[in-house]
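I have placed the structure first, in the form of structure tokens, so that the comments after it can refer back to it.
Bear in mind these aren't lab numbers, they're just calculated from the coordinates by the rules spelled out. As the structure is a computational prediction, the values presented were derived from the model and not from experiment. Cβ sites come from the backbone with ideal geometry, for glycine too, and all protein chains shown count toward neighbours.
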Amino acid sequence: MTRGVRDAPDRHDAPETAGALDFGKLYAARLRATRVRPYLATALFALHVVESRQVPTMAVDRHWRCYASPGFVRRTPPAELAAVWVHEVSHLLRDHHGRGDRVARERGLTGPGERLRMNIAADFEINDDVYGDGLARPDGAADPLSAGLPEGLLMEDYLRRFGLGPGTAHLAWLDCGSGADGLEREWDLGPDGAHGLTAQERDAVRFRVAQGITGGPGRTPRGWKRWADEAFHPPQPWRELLGAAVRSAASGSGAGEDYTYGRPSRRSAAVPGAVLPSLRRRPPRVTVVIDTSASVSDAELGGALLEVAAISRAVGGRRDLVTVVPCDAAARIAHPLCRAEGIPLLGGGGTDLRTGFAMALRTGARPDVIVVLTDGQTPWPASRPPCRTVVGLFPRRSDASWDEDDPRYVPRLPPAWARVVEIGY
């Protein structure tokens, strides 16, 4: 255990020595926080308090421990302490430590100065939702407006918009702990310390809070509603998933393989007078069928062409081996990707991608992989095509032509033999 840090006593009525942490005041402030922010109650009571004289105020680690300074608790009014409780737990619910680690890797941000900037940016993200409606704003709280920045942005957006300087000098003391930026502190008990939550327990807490926000009555700040929606429906890294699905299909058994007499099989020696072909792997051929029906927007069609270029990179960059088939109710000309800049995505009528599959299979050499970019509202082939299939599914939009409440309505789902990746624009 780190020197100067000890676990909080379980009993609120434990005898208090001079300078000891006032747990009664701290827990009363937590109760006040749950009354004004009831949807955060599960998260607030999941935090385990650790007394620490190394912490400037209050701080959290990624294992859901809350480190509290006895002096800070002693001199801070209960109303402000309640706001600090909500502030610190907000860092954990919004995964600022995990996001900070990812941003640091992606942008090459190292050192305590950059982590301080992450902490400030994380505070900018949450402070417009924390204070007001029963929670007092503590003196010196980070405010994006004071730095000339708009409210309502995410930590990653704020990081692009400000640097450390005179405008942020008053925040140099700020330290909400490793739970706010991902950088471990000397007071952290670490993953093996007592009373930390496991990854599964942390996810369960987030789910319960998100469930309370989406299902409970009352006014919830916009930032928390956005967070709850993402907690229930986390955004997928669909470009990576689509590329991985194409690469997996293109490298699977049988894909890109053919017999050739250019190099006879070694087994020919066992058959005198005969020359046997050998099996060789060649670059895979890919046909991309793009849904150009009226239900697919222009933005999605433009994005589809970008995905065609990404697909060619996923299979080794051989543009001559990638073919594009625009299709609504009927398939048109199959265009080689070497003329991608001139591919006309004509259509606008109904949808029947079965003709697109037929065109893909009868045009030139048979493809090893068929990639379909569609919103899914189409009939599908009755049988599995003789090659692997990857479906990039655009988000479905409401359509007055059918009613999901109608018991006779059956959604058109891609067939089970296709690898499906949901994509979004």
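A few points about this structure:
- Of the residues V84, V103, N119, the one whose Cα sits farthest toward the positive end of the charge dipole of region 77-134, with +1 on the Cβ of Lys and Arg and -1 on the Cβ of Asp and Glu, is V103.
- Comparing region 102-150 with the 2.2 N^0.38 Å rule of thumb, its C-alpha radius of gyration ratio is 1.35 (two decimals).
- Counted by Cβ distance under 13 Å from H170, the other residues give a net charge of -3, where Lys and Arg count +1 and Asp and Glu count -1.
- Each of the peptides 107-120, 45-58, 140-153 was scored by the mean count of other Cβ atoms within 10 Å over its residues; in descending order, highest first, they stand as 45-58, 107-120, 140-153.
- Here, P(r) means the percent of Cα pairs in each 5 Å bin from 0 to the largest distance; for region 69-127 it is 4, 16, 23, 18, 18, 11, 6, 3, 0.
- Protection proxy ranking for 176-186, 284-294, using the average of other Cβ atoms within 10 Å per residue and placing the highest first: 284-294, 176-186.
- One chain, two ends: Q200 and I333. Fully extended at 0.36 nm per residue, the span grows by 42.8 nm beyond their Cα-Cα distance.
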